[in-house]
Amino acid sequence: MNEKREKLTEQALPEPAGAMTDSERERYSRQTLFAPIGEAGQARLLRSRVAIVGMGALGTVLANHMVRAGVGFVRLIDRDFVEMSNLQRQMLYDEADAAASSPKAEAAAARLKAANAGVQIEPVVADLNAGNSEQLLSGVDLILDGSDNFAVRFLVNDVSVKLGIPWIYGGAVSSRGVSLTVVPGETPCLRCIFDQPPAQGTTETCDTAGVIGPIIHTVASHQAAEALKLLVGDRDRLNRKMQHWDLWYNQHAAVDVSKARKPDCPCCGRRQFDYLTAMADGDTIQSLCGRNSVQIQPVQPSRLALDEWAERWRSLGRIERNPFLLKLHLGSGQTLVLFPDGRMIVQGTDDPVTAKSLYSRYVGM
């Protein structure tokens with residue numbers, strides 16, 4: 001009788017808070033067999049929140065790893081749409097996405113939800129800038145860098161240090177790549193190592209030097225491994241070195257930056273967040289390096305009815321439309337890509353003055 005009572009009591013006990021379901025145990029069984037993660041680490045992953053900045057080549061690999069590993073919430077932030085030239089290395093997209101000019105964040109979210117319906121995925125079609133970065137990067141445990149320019153990385157670094165959120169820097173071009181883990185208060189931040197971004201036009205881009213797919217996976221997989229260490233709480237195993245690879249020429253270097261933290265660093269030393277507090281006008285017009293395009297971000301975002309703009313522009317050139325953007329192909333060779341928040345990418349010029357003139361002519365500033 002006592003034995004029976006004990007069994008009934010045992011069956012009535014609820015699972016401890018954060019425990020995995022049987023379905024989750026099956027899905028993540030191979031990952032939990034890895035001792036440094038185990039069931040306790042997997043439970044932490046399921047409660048973790050990550051933001052990924054940029055859903056291009058690095059971002060698609062990062063998002064794939066995070067979602068399949070069971071990170072509970074993943075925010076995908078990207079301003080761009082899928083083009084045919086992306087498909088060689090941006091693994092979450094296909095030809096249908098390129099033909100439809102699907103926003104990368106939305107297209108990626110659709111693929112990832114099909115891979116793991118148990119993860120909450122939030123696509124954000126927006127340009128990360130000084131005005132919205134704190135809002136978009138707050139409320140997460142980790143920020144992953146999948147961006148393609150240093151201005152965004154220095155902005156992410158400011159938010160990371162200000163809010164105390166770790167981030168993992170990654171970059172790849174040609175056959176070369178680099179990665180660095182930044183933990184505010186423990187490691188050097190990006191500005192300890194690079195005081196300011198390189199001058200525009202002085203660095204290679206995928207559009208000027210090309211890029212091979214394997215370097216993307218090398219860099220992003222290293223970032224993802226560091227992310228898992230942080231999210232399960234195994235900080236002792238973090239890589240404290242800046243990693244460099246050149247896969248084509250068989251080179252790898254690991255630079256020890258553990259002592260590179262500067263007491264007078266403008267960001268983590270003096271807490272002077274220059275990129276976060278940049279004047280709005282300074283971020284209004286941005287040449288997209290190597291892409292023969294200019295982005296124009298209005299100082300005050302608005303909500304545009306794209307159907308109305310499509311009718312307004314119909315006599316001006318060929319129109320393409322999807323739920324997320326509107327394209328106007330002009331006879332002069334430029335293409336205007338208008339987003340609902342008033343942001344525009346002017347394709348076919350790298351001259352900010354020309355781009356501003358077209359924006360003013362067809363939208364108004």
| query | Residues in region 107-148 that are charged (D, E, K, R) and assigned to a strand (DSSP E or B): how many? | reply | 2
| Do we find that GLY164 is surrounded by 20 or more Cβ atoms within 10 Å (Cβ to Cβ) and closer than 24 Å to LYS229 by Cα in this structure? | no
| remark: Given the conditions (1) surrounded by fewer than 23 Cβ atoms within 10 Å (Cβ to Cβ); (2) within 14 Å of the chain's Cα centre (by Cα), every one holds for ASP195 apart from (2)
| field | Pairs, first touching a residue at least 40 places away in the same chain (Cβ under 8 Å) in region 55-78, second among the aromatic types (Phe, Trp, Tyr), C-beta under 6 Å, six or more apart | value | GLY70/TYR28
| task | Could you please find all residues in region 141-168 being over 10 Å from the mean Cα position of the chain (by Cα) and hydroxyl-bearing (Ser, Thr, Tyr)? | result | SER160
| message | I'd like to know if region 38-54 contains one or more residues that are part of a loop (DSSP other than H, G, I, E, B) and among the charged types (D, E, K, R). | response | yes
| said: Among the residues that make up region 202-209, is at least one of them surrounded by fewer than 21 Cβ atoms within 10 Å (Cβ to Cβ), among the small types (Gly, Ala, Ser) and within 29 Å of GLN272 (Cβ to Cβ)? | reply: no
| query | Could you list, in sequence order, the residues of region 222-281 that are of a type in the set (Ser, Thr, Tyr) and either farther than 30 Å from ARG47 by Cβ or free of Cβ contacts under 8 Å to residues at least 12 places away in the same chain (or both)? | reply | TYR249, TYR275, THR277
| Selected residue [assigned to a loop (DSSP other than H, G, I, E, B) and either closer than 23 Å to PHE154 by Cβ or at pLDDT 95 or above (or both)] from LEU92, LEU58, LEU76, LEU62 | LEU92
| Among all residue pairs at least 6 apart or on different chains, which show Cβ distances below 7 Å where the first residue, located in region 86-106, is in contact (Cβ under 8 Å) with a residue 60 or more places away in the chain and the second is among the small types (Gly, Ala, Ser) and crowded, with 21+ Cβ neighbours inside 10 Å? | ARG89/ALA57
| remark: Across region 160-194, the tally of residues that are within 20 Å of ARG270 (Cβ to Cβ) and β-branched (Val, Ile, Thr) stands at 6
| request: Name every residue in region 167-187 that is crowded, with 23+ Cβ neighbours inside 10 Å and part of a loop (DSSP other than H, G, I, E, B), in order of residue number. | output: none
| request: Please enumerate the residues belonging to region 95-106 that are within 14 Å of the chain's Cα centre (by Cα) and in a helix (DSSP H, G or I). | output: LYS104, ALA105, GLU106
| task | Pull up region 106-126, narrow it to residues that are in contact with a Phe, Trp or Tyr (Cβ under 9 Å, 6 or more places away or on another chain) and small (Gly, Ala, Ser), then point me to the one that is modelled with the lowest pLDDT. | result | ALA126
| So how many residues does region 127-152 have that are modelled with pLDDT of 95 or more, charged (D, E, K, R) and either within 19 Å of HIS244 (Cα to Cα) or in contact with a Cys (Cβ under 9 Å, 6 or more places away or on another chain) (or both)? | 1
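The values are calculated or read from the model by the stated rules, or taken from the named source; none is laboratory data. This structure is a prediction, so every number in the text was calculated from the model and none was measured. Counting neighbours? That spans all protein chains shown, and the Cβs are built from the backbone with ideal geometry, glycine included.
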